[in-house]
Amino acid sequence: MKMTGEREIAAPRETVWAALLSEEVLKECVPGAQEVSGTPEEGFDAVVTQKVGPVKATFKGRVLLTDMVAPESLTLSGEGKGGAAGFAKGEADVTLEETEGGTRLVYDVEAKVGGKLAQLGSRIVDGFAKKMADQFFSRLEEVIEGPKPDDEEEVAEKKGWLKKLIS
């Protein structure tokens, strides 16, 4: 299955680039991530728990960053194995374009699943994959931009941690 999308992020392109390469940001943004460790050069190991339809599984996998052209584009490739539930594989080509208000992040994602997951049917799996991509890039936008003026204090404090880290 293939998906494309874009996000407008109110931050400089270099900040968005740094966030995409950060272990802490990836752990915060990948839905269901329990552990993320590694480096952009060596790749990241991840443990992610997800429920797709009636199937709940913990996936152990690896994410590699390739074709990096700082701060313009990169490819995120990942593969996870969830035991009896099957496997998930995906690749996202990400492009960062400077805009008047910050950065436009454009992504093209291709994903594949196998095992019990593939037996769920393409509507369920496609919907789940789209939801995961949307959640990842929405969360990335929130983490980078920090709190909005109308956020409650507790939510605002959680959203502003990346700016504190970069400052």
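Please work out the ratio of the alpha-carbon Rg of the chain to 2.2 N^0.38 Å and round it to two decimals. Write out the running numbers ahead of the final one.
Working: Rg = 16.0 Å, N = 167, 2.2 N^0.38 = 15.4 Å.
Taking the Cα Rg and dividing by 2.2 N^0.38 Å, one obtains 1.04.
What full-extension length gain, to one decimal in nm, is calculated for Asp126 and Glu100 as 0.36 nm per residue of separation minus the Cα-Cα distance?
Values: separation 26, 0.36 × 26 = 9.36 nm, distance 3.36 nm.
In short, 6.0 nm is gained.
Once phi is turned into ³J(HN,Hα) by the Karplus curve 6.51 cos²θ - 1.76 cosθ + 1.60 with θ = phi - 60°, what whole-Hz value does each residue of segment 6-17 show in order, with x for glycine and proline?
So the Karplus estimates, Gly and Pro as x, are 8, 9, 9, 10, 7, 7, x, 4, 5, 5, 5, 4 Hz.
Between the helical axis of 122-145 and the dominant principal axis of the chain, each derived from Cα atoms, what acute angle in degrees is found, rounded to the nearest 10?
It is inclined by approximately 20 degrees.
For every helix of n ≥ 4 consecutive DSSP H residues, a contribution of -39,500 (n - 2.57) applies; sum these over the chain, divide by its total residues, and give [θ] at 222 nm rounded to the nearest 500 deg cm²/dmol. Can you show the working numbers first?
Details: 6 runs with 56 residues, N = 167.
Rounded to the nearest 500, it is -9500 deg cm²/dmol.
From the phi angles alone, apply the Karplus equation (6.51, -1.76, 1.60; θ = phi - 60°) to segment 69-86 and give each ³J(HN,Hα) in whole Hz, x where the residue is Gly or Pro.
10, 5, x, 9, 7, 6, 10, 9, 10, x, 9, x, 10, x, x, 5, 5, x
Rank-order 68-76, 108-116 by packing density, defined as the average count of other C-beta atoms within 10 Å over each peptide's residues, highest first.
Listed from highest to lowest mean packing, they are 108-116, 68-76.
Taking amide H positions as placed 1.01 Å from N in the peptide plane, with prolines and chain starts having none, which residues 5 or more places from Gly115, or on another chain, fall under 5 Å of its amide H?
Phe87
Read-outs throughout are calculated quantities, based only on the coordinates presented, and are distinct from any laboratory measurement. Since the structure is predicted, the reported quantities are computational estimates derived from the model, not experimental observations. Neighbour counts run over all protein chains shown; Cβ positions are idealised from the backbone, glycine included.
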